[in-house]
1. Going by the alpha-carbon gyration tensor, a ≥ b ≥ c the square roots of its eigenvalues, is the stretch 250-343 rounded (a/c under 1.5) or, if a/c is not under 1.5, prolate (a/b greater than b/c) versus oblate?
2. Just name one of 308, 327, 337: the one whose Cα is farthest towards the positive end of the charge dipole of the stretch 293-338 (beta-carbon charges, Lys/Arg +1, Asp/Glu -1).
3. Place a +1 charge on the Cβ of each Lys and Arg in the stretch 2-342 and a -1 charge on the Cβ of each Asp and Glu, then give the dipole magnitude about the Cα centre in debye, rounded to the nearest 20.
4. For the chain, modelled as a Gaussian network with Cα springs under 10 Å, which listed residue fluctuates most, 261, 63, 143?
5. Projected area of the stretch 212-283, taken from the Cα convex hull and averaged over every viewing direction, in nm²?
6. In the chain, with Lys and Arg counted as +1 and Asp and Glu as -1 at Cβ, which of these residues, 21, 7, 154, has the Cα nearest the positive end of the dipole, that is, farthest along it?
7. Check cross-link reach from residue 136 to the lysines: straight Cα distance under 29 Å, and skip same-chain residues fewer than eight apart.
8. At a 10 angstrom cut-off on C-beta neighbours, averaged per residue, how do the peptides 199-207, 296-304 rank from highest to lowest?
Amino acid sequence: MEIGIDSFAKKTQTNEGGGISDNARAMNELIERIVHADKVGLDIFGIGEHHREEFLDSAAHNILSAAAAKTENIRLTSAVAVISAMDPVRLFQNYATLDLISNGRAEIVAGRGSFTEAFPLFGLDFADYDNLYAEKLNLLLKIRDEDQVTWSGNFRPPLENQTIYPRPLQEKLPIWVGVGGTPASFVRAGELGLPLMVAVIGGETHRFRPLVDLYYEAAEKAGHDRPSLKVGLHSLGFVANSKEEAIEKYYPGYKIWFNQIGKERGWPPVTMERFEQQIDDLGAYVVGSPEQVAEKLIRHSEALGGISRFTFQIDNAGLTHEDLMETYSLIGEKVKPLVLEGL
């Protein structure tokens with residue numbers, strides 16, 4: 001199992017705003033953390049895509065490119081690239097360039113995103129949500145797999161015998177499909193034979209097993225060999241020396257952040273009781289000591305029939321740069337070895 005981090009490039013350590021100087025500091029600290037993640041042996045670092053005030057990840061490939069020049073081994077990916085709102089040509093070019101800078105360590109996780117702000121920003125109709133995603137994903141794969149592209153669709157001007165430059169260093173740039181809980185998305189990923197990245201940000205992880213099974217069934221019907229398929233898992237998490245310390249550091253900022261998002265989405269207010277349900281044995285969140293977190297990752301893998309990758313989403317109000325550096329160290333130096341030993 002590969003183990004890594006996904007970040008949304010949070011602007012400040014609170015949700016109270018901040019100036020340009022705060023943004024610059026947050027960006028520099030994020031790059032420092034990616035370098036640190038590489039040094040402590042983490043396998044993957046992903047940057048999301050949002051177009052909101054509290055995040056600095058609207059151009060994730062730029063952040064990853066800055067980190068690529070300072071790292072050696074860690075793979076660098078979108079988490080996710082909101083392909084519905086993006087030109088697949090530019091997306092491919094951005095990550096092919098990242099692949100060259102990183103000497104072959106770039107990947108793309110293509111998804112829909114969990115917010116909708118990109119649609120009005122780029123003049124898109126939310127009613128086209130599904131069609132945009134399907135068409136643009138197919139074009140992205142065509143660009144990756146073919147030297148000369150001839151294509152036409154509904155949401156972009158046609159291409160006629162076009163070669164998209166630059167080409168990546170890797171022979172085939174890895175493209176994962178990022179999914180939430182929509183069965184059709186699992187089936188699409190399976191039919192295309194693409195690796196699957198499942199975001200479970202609430203509830204109980206084992207309940208996603210039927211959807212993962214759908215993915216494998218669709219892939220096998222389409223003629224893809226099961227050994228060529230991968231399933232990854234992305235969940236909220238935090239590691240400290242003890243579970244008590246992890247809760248003490250993580251919960252206050254989690255409450256601030258999720259209450260803020262909850263006002264937009266109509267969620268009930270966060271309570272400690274519900275949080276404890278999420279971090280118990282069956283809950284999706286991976287919060288605790290290195291030993292507890294390793295055991296939970298192994299359980300999650302078993303519950304889903306085996307996972308190839310796990311990424312922690314840790315950005316939270318209240319967590320300092322030092323807190324995040326320490327939790328990266330614990331994940332790389334303690335959690336990862338325990339998981340690999342236990343699988």
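Rule-based calculations on the coordinates, nothing more; no lab input. Remember, it's a predicted structure, so these values are computed and weren't measured experimentally. So basically every Cβ, Gly included, is an ideal-geometry build from the backbone, and we count neighbours across all protein chains shown.
1. On the way: a/c = 2.36, a/b = 1.47, b/c = 1.61.
It comes out oblate by the Cα gyration axes.
2. Final value for the positive-end residue is 308.
3. Values: 34 positive and 49 negative charges, 80 e Å.
Roughly 380 debye, rounded to the nearest 20.
4. 261
5. The orientation-averaged projected area of the Cα hull of the stretch 212-283 comes to 7.5 nm².
6. 154
7. Answer for residue 136, where 29 Å is the Cα cut-off: 10, 172, 221, 230, listed by chain and number.
8. Working: 199-207: 17.4, 296-304: 19.4.
Ranking, from highest mean packing down: 296-304, 199-207.
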